[in-house]
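Notes follow the structure.
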Amino acid sequence: MSGRSFRRIGITGGIGCGKSATGEALRALGVPVLDTDMVAHELLAGDAEAQAAIRARFGDGVFTGPAVDRPALGRVVFGDPVARKDLEAILHPRIQDRTEAWLAEQTQRGLAAVLIPLLYEVGREKAFDLCVCVACSPETQRARLRERGWSDEEIARRNAAQLSVDEKIKRADVVIWTDGAMENHAAQWRRVLGN
């Protein structure tokens, strides 16, 4: 913990491990939550500088008209580690700026949470007072991702683009397990928050 009175919670986890459900659970408990995946989507949809940089690096093939075609971009970057790093170099500084601006707005609240899938990969853990990993069993994760229509190959490719869930668990201050019912998930958060 950093000693500052404003508690900043950084939340990470694997794809399909329940980060969105965590955001819902925390909002229901009155905690303001920022989802950096949503920030990234906003940048892809409406940030002219980010779009220009993406067009310059990846070409018109990842655009549908003026908008970034996220599935097309995903097929490029999740199949090519260099391309993924190039996209991250475009998006991550902008995401970090927006995150810090949002956190600055929350200081009077006393507590705020940020969902950051790549928390450790981008070295942001020191920016938070508490780092939480949201986790579930590999079987639950696969079942959730298959429900999204993902193939086993796509699941493996996406998982390979991040630290393993096991490594995130090792680095986290707290682990929230999401295999069970939503109420169990929320109950774990109430214990963490002292509610």
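The values are calculated or read from the model by the stated rules, or taken from the named source; none is laboratory data. Just so we're clear, the structure is a prediction, and the values are computed from it rather than from any experiment. We place every Cβ from the backbone using ideal geometry, glycine too, and count neighbours over all the protein chains shown.
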*Can you name the residue in the range 133-170 that is in contact with a helix residue (DSSP H, G or I) (Cβ under 7 Å, 6 or more places away or on another chain) and closer than 20 Å to Gly23 by Cβ and, of all such residues, is surrounded by the most Cβ atoms within 10 Å (Cβ to Cβ)?*
Val134
*Hey, does the range 91-114 have a residue that's polar (S, T, N, Q), within 18 Å of Gly14 (Cβ to Cβ), buried (at least 17 other Cβ atoms within 10 Å of the Cβ) and in contact (Cβ under 8 Å) with a residue 24 or more places away in the chain?*
no
*Only one of Val165, Val114, Val134 that is at pLDDT below 95 and within 15 Å of the chain's Cα centre (by Cα)*: Val165
*Determine if the range 21-42 includes at least one residue that is over 25 Å from Val192 (Cα atoms) and not aliphatic (A, V, I, L, M).*
yes
*Matching option when the condition is closer than 30 Å to Thr178 by Cβ, over 19 Å from the mean Cα position of the chain (by Cα) and of a type in the set (S, T, N, Q), among Thr140, Thr107, Thr64, Thr99*: Thr107
*Pairs only if they're at least six apart or on different chains, beta carbon under 8 angstrom, first in the range 171-189 and farther than 11 Å from Ala21 by Cβ, second part of a helix (DSSP H, G or I); list them, first residue then second.*
Arg171/Glu125; Val174/Val192; Val175/Ile169; Trp177/Asn184; Trp177/His185; Trp177/Gln188; Asp179/Thr140
*Looking at this structure, is Gly3 outside any strand (DSSP E or B), at pLDDT below 95 and not assigned by TED's automatic domain parsing to the domain that holds Glu183?*
no
